[in-house]
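Enquirer: Let me begin by handing over the structure; questions about it come next.
The values are calculated or read from the model by the stated rules, or taken from the named source; none is laboratory data. Source: prediction; values computed, not measured. Reconstructed Cβ throughout: ideal geometry from the backbone, glycine too, with neighbour counts over all protein chains shown. Keep in mind that these areas ignore ligands, DNA and RNA; they rest on the heavy atoms of the full protein, side chains included. Shrake-Rupley method; radii C 1.70, N 1.55, O 1.52, S 1.80 Å.
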Amino acid sequence: MASDKHFSAIKGAKVLMVGAGGIGCELLKTLALSDFQDIHIIDMDTIEVSNLNRQFLFRQSHVGQSKAKVARDAVLKFRPHISITPYHANVKDSDFDLDFFKQFNVVLNGLDNLDARRHVNRLCLAAEVPLVESGTTGFLGQVTVHVKGKTECYECQPKPAPKTYPVCTITSTPSKFVHCIVWAKDLLFAKLFGDKNQENDLNVRSGDASSSSNHVEDVFERRNDENIEHYGKRIYDHVFGYNIEIALSNEETWKNRNKPKPIYTRDILDNEPTQQNGNVEKNGGTSDPSSVSAMASLGMKNPQDIWSLKENSRIFIEALKLFFLQREEEIGNLTFDKDDQLAVEFVTAAANIRASSFGIALHSLFEAKGIAGNIVHAVATTNAVIAGLIVIEAIKVLKSDSKSYRMTYCLEHPSKKMLLMPVEPFEPNKSCYVCSETPLTLEINTNRAKLRDIIEKVVKSKLGMNAPSIMHGTEVLYETGDDLDKDLLAAYAAKADKVLSELNSPVIGGTMLTINDLYQELRCNINIKHREEFDEEKEPDGLVLSGWTQAPSLVENNGNKSVDNAGSTSEASTLEVEKDDEIEIVAGKKRKLSEDVIPSNAGESKGKNKLEVLDDEDDEDLIMLDGDSGANKKIRHQ
């Protein structure tokens, strides 16, 4: 039976939940049923139809409303005596500052992106409030505990970066369907419907670069009074026919590869205009531009059907037509969105036609959408299990039972007859620049690089600071903030464009810069090391930051450039789960299994049992259990 200390820890606790999505709904319900009395929820999202299959506190009538507020109202119906305070806001807003975090006994995260997770981690460290992190991806999940000075913080270990692909593979030699998706989404869709001035590798390569450039410009620019169907077929013939023929002219490329085949509309489509199921306005048009559908216009209904080459070609032409006929005002500013039906249809069709050309298996719209949006479909049961584990760890934290803290991994397949794998937390990483304040080292050419390079490429991009200030000794080199006047902001902007060695207080080799983020209450030092040259392929930023713990991007092969397939979360550390919560499993990190999980009579040495997550050649996560038998047992995550 639970002790009085157990109940008093729960009833007297003030808890902050960040995120009211897949995990958040389950977590709020479990907290309420566990008799927590004072719960605060922050979530900036509104409810979407796609949330309803697993975020059970929401109904169809709630679509478009605040997740945090609706979740509160739903739970109060069966627990009216407790206090739930919702905030429909971004956790990174200045209202949620250090003083705000200090009022809580524990913070529980159910977030969907790396940037927000880092922000909450830093504020919890500054406020000295324990943090329980969590994430799910399909059948996988995990819960981790972070207590300042006792366990590693969220940023003590590297986080996997989004998958990237070399441009040469995407544009010239695709071998997987995902290569075709990236080509259709990040190159073709962007070229047709995004910024017309952007350069990308859809430009045709030939012996005469200038004529090639002119040819491409003519193709992608719709001519005055040109029939839209004619324009669509011209684009089709160019990218799936002419471009492939140009690629085939380089015989060296195809010595050890299967040659692609050019595809032209004359070989696939009839000469008659595309037959629509009624008129465009009736079948393709809706009041919501993101719901316009080429499938509806052509009378195709099942997203799980795999379309033939002819059907893909019809969808390609029809989708392009609908963009120009019904969404023309958006053209030039569009970016791919997995919730945009017409965009998904266009990308699916384009990827399938390209896949057909290169002898790659075709996929359904359902499958293509998952790949294009980096979606691993959420499983409600996993969210429920993880929410229960979060509450268990939160109770341990509130009871100050640090010896019982566990980081628990939820597996897809049993290991030692277990689906839940508890792991003892690690101590803080002494080289972590966030919780241990270890100085970083930045190698940079101080005679060429500008202060802006440090601001954008290091401070904001790599270190994830939102409102940074940079100091050299007592001089402020850069600062941001709502309270700064226009003249001061203009002065900092001008200073940012100066070469480092030419600043009033020159930044040269041996200089130490101090970086502060007032919102995150984070401070770190960067030692500057002058370096003349950098490898353009391996070090494209022209700088190297050491002591920073983010893992390198996952890159296929060795290419000069890569195309990011990160989906809608720009810094998501792993696959996006329909804007849901994400699992974060550290790649290449061995963790000691708790001794109560693996009994001493299991025939293995306790000291040798370790949990390790690896990447195999099929880009799937593996857990490796090391035993003394010399044989590694691998459990495939998915």
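Enquirer: Hey, can you tell me all the residues within the range 425-472 that are open to solvent by 10 Å² or more (accessible area, probe 1.4 Å) and β-branched (Val, Ile, Thr)?
Expert: Result: 434, 438, 441.
Enquirer: Somewhere in the range 5-12, is a residue assigned to a loop (DSSP other than H, G, I, E, B), over 12 Å from residue 108 (Cα atoms) and of a type in the set (A, V, I, L, M)? Talk me through it step by step, then tell me what you get.
Expert: Initial filter on the range 5-12 (assigned to a loop (DSSP other than H, G, I, E, B)): 12.
So of that shortlist, the ones also over 12 Å from residue 108 (Cα atoms) come out as 12.
Remaining after also requiring of a type in the set (A, V, I, L, M): none.
The answer is no; no qualifying residue exists.
Enquirer: A follow-up question, please. Does residue 515 meet the test of being without any contact (Cβ under 8 Å) to a residue 60 or more places away in the chain, part of a strand (DSSP E or B) and surrounded by 13 or more Cβ atoms within 10 Å (Cβ to Cβ)? Show your work before the answer.
Expert: Details: without any contact (Cβ under 8 Å) to a residue 60 or more places away in the chain: yes; part of a strand (DSSP E or B): yes; surrounded by 13 or more Cβ atoms within 10 Å (Cβ to Cβ): yes.
Criteria met by residue 515.
Enquirer: A further question follows. Go through (1) outside any helix (DSSP H, G or I); (2) crowded, with 16+ Cβ neighbours inside 10 Å and name the single condition residue 481 misses.
Expert: Failing condition for residue 481: (2).
Enquirer: Select, from 482, 497, the only residue that is touching a residue at least 60 places away in the same chain (Cβ under 8 Å) and acidic (Asp, Glu). Break it down into steps so the answer makes sense when it comes.
Expert: On the way: 497 fails: touching a residue at least 60 places away in the same chain (Cβ under 8 Å).
The conditions single out 482.
Enquirer: Right, another one. Please report, ordered by residue number, the strands (runs of 3 or more DSSP E) entirely within the range 80-144 with at least 1 residues that are open to solvent by 30 Å² or more (accessible area, probe 1.4 Å) and modelled with pLDDT of 90 or more.
Expert: Correct list: 83-87.
Enquirer: Between 52, 76, 33, which is out of contact with any His (no Cβ under 9 Å at 6 or more places or on another chain) and farther than 26 Å from residue 396 by Cβ?
Expert: Values: 52 fails: out of contact with any His (no Cβ under 9 Å at 6 or more places or on another chain); 33 fails: farther than 26 Å from residue 396 by Cβ.
Sole residue among the options that is out of contact with any His (no Cβ under 9 Å at 6 or more places or on another chain) and farther than 26 Å from residue 396 by Cβ: 76.
Enquirer: Here is a further query. So which of 353, 360, 392 ends up being farther than 30 Å from residue 260 by Cα, at pLDDT 90 or above and among the hydrophobic types (A, V, I, L, M, F, W, C)?
Expert: Being farther than 30 Å from residue 260 by Cα, at pLDDT 90 or above and among the hydrophobic types (A, V, I, L, M, F, W, C) holds for just one of 353, 360, 392, which is 392.
Enquirer: Right, next: For the range 406-418, indicate whether the set of residues that are among the basic types (Lys, Arg), closer than 27 Å to residue 6 by Cα and either in the same structural domain as residue 494 (by TED's automatic domain parsing) or more than 25 Å from the chain's Cα centre (by Cα) (or both) is non-empty.
Expert: Filtering the range 406-418 down to residues among the basic types (Lys, Arg) leaves 406, 416-417.
With the extra rule that they be closer than 27 Å to residue 6 by Cα, the set shrinks to 406.
So of that shortlist, the ones also either in the same structural domain as residue 494 (by TED's automatic domain parsing) or more than 25 Å from the chain's Cα centre (by Cα) (or both) come out as 406.
Yes, because at least one residue in the range 406-418 is among the basic types (Lys, Arg), closer than 27 Å to residue 6 by Cα and either in the same structural domain as residue 494 (by TED's automatic domain parsing) or more than 25 Å from the chain's Cα centre (by Cα) (or both).
Enquirer: Filter the range 64-79 for residues that are assigned to a loop (DSSP other than H, G, I, E, B) and surrounded by 14 or more Cβ atoms within 10 Å (Cβ to Cβ) and give the result.
Expert: If we filter the range 64-79 for residues that are assigned to a loop (DSSP other than H, G, I, E, B), which is where we start, we get 64-65, 77-79.
Of everything in the range 64-79, those that are assigned to a loop (DSSP other than H, G, I, E, B) and surrounded by 14 or more Cβ atoms within 10 Å (Cβ to Cβ) turn out to be 65, 79.
Enquirer: So, residue 335, is that one buried (at least 24 other Cβ atoms within 10 Å of the Cβ) and outside the structural domain of residue 146 (by TED's automatic domain parsing) or not? Give the derivation first.
Expert: Values: buried (at least 24 other Cβ atoms within 10 Å of the Cβ): no; outside the structural domain of residue 146 (by TED's automatic domain parsing): yes.
Taking the combined requirement at face value, the residue does not satisfy it.
Enquirer: It is to be established whether one or more residues within the range 187-202 are of a type in the set (Lys, Arg), farther than 30 Å from residue 117 by Cα and either modelled with pLDDT under 75 or buried (at least 22 other Cβ atoms within 10 Å of the Cβ) (or both). Show your work before the answer.
Expert: Within the range 187-202, the first condition is being of a type in the set (Lys, Arg), and the residues that meet it are 191, 196.
Going one step further and asking which of them are farther than 30 Å from residue 117 by Cα, we end up with 191, 196.
Checking the rest, the ones that are also either modelled with pLDDT under 75 or buried (at least 22 other Cβ atoms within 10 Å of the Cβ) (or both) come to 196.
The answer is yes; a qualifying residue exists.
Enquirer: For residue 44, are the conditions met, namely being open to solvent by 40 Å² or more (accessible area, probe 1.4 Å), of a type in the set (A, V, I, L, M) and touching a residue at least 24 places away in the same chain (Cβ under 8 Å)? Outline the logic, then answer.
Expert: Working: open to solvent by 40 Å² or more (accessible area, probe 1.4 Å): yes; of a type in the set (A, V, I, L, M): yes; touching a residue at least 24 places away in the same chain (Cβ under 8 Å): yes.
Taking the combined requirement at face value, the residue satisfies it.
Enquirer: Counting just the residues of the range 357-385 that are over 17 Å from residue 53 (Cβ atoms) and under 20 Å from the mean Cα position of the chain (by Cα), which one comes out most open to solvent (accessible area, probe 1.4 Å)?
Expert: 367
Enquirer: Which number in (1) open to solvent by 30 Å² or more (accessible area, probe 1.4 Å); (2) of a type outside the set (Ser, Thr, Tyr); (3) over 30 Å from residue 23 (Cα atoms) marks the one condition that residue 346 misses?
Expert: Exception for residue 346: condition (1).
Enquirer: For the range 495-552, enumerate the residues that are of a type in the set (Ser, Thr, Tyr) and either more than 32 Å from the chain's Cα centre (by Cα) or closer than 21 Å to residue 114 by Cβ (or both).
Expert: Going through the range 495-552, the residues of a type in the set (Ser, Thr, Tyr) turn out to be 501, 505, 511, 514, 519, 546, 549.
Residues satisfying the conditions are 501, 505, 511, 519, 546, 549.
Enquirer: Would you check if there is a residue in the range 240-250 being at pLDDT 65 or above, in a loop (DSSP other than H, G, I, E, B) and in the same structural domain as residue 319 (by TED's automatic domain parsing)? Please lay out each step first, then the result.
Expert: Within the range 240-250, the subset at pLDDT 65 or above is 240-250.
Of the ones still in play, those that are also in a loop (DSSP other than H, G, I, E, B) are 249-250.
Imposing the further condition that a residue be in the same structural domain as residue 319 (by TED's automatic domain parsing) reduces the set to 249-250.
For the range 240-250, residues at pLDDT 65 or above, in a loop (DSSP other than H, G, I, E, B) and in the same structural domain as residue 319 (by TED's automatic domain parsing): present.
Enquirer: Return yes or no: is residue 461 modelled with pLDDT of 90 or more, within 30 Å of residue 90 (Cβ to Cβ) and under 30 Å from the mean Cα position of the chain (by Cα)? First the steps, then the outcome.
Expert: Working: modelled with pLDDT of 90 or more: no; within 30 Å of residue 90 (Cβ to Cβ): yes; under 30 Å from the mean Cα position of the chain (by Cα): yes.
So residue 461 fails the test.
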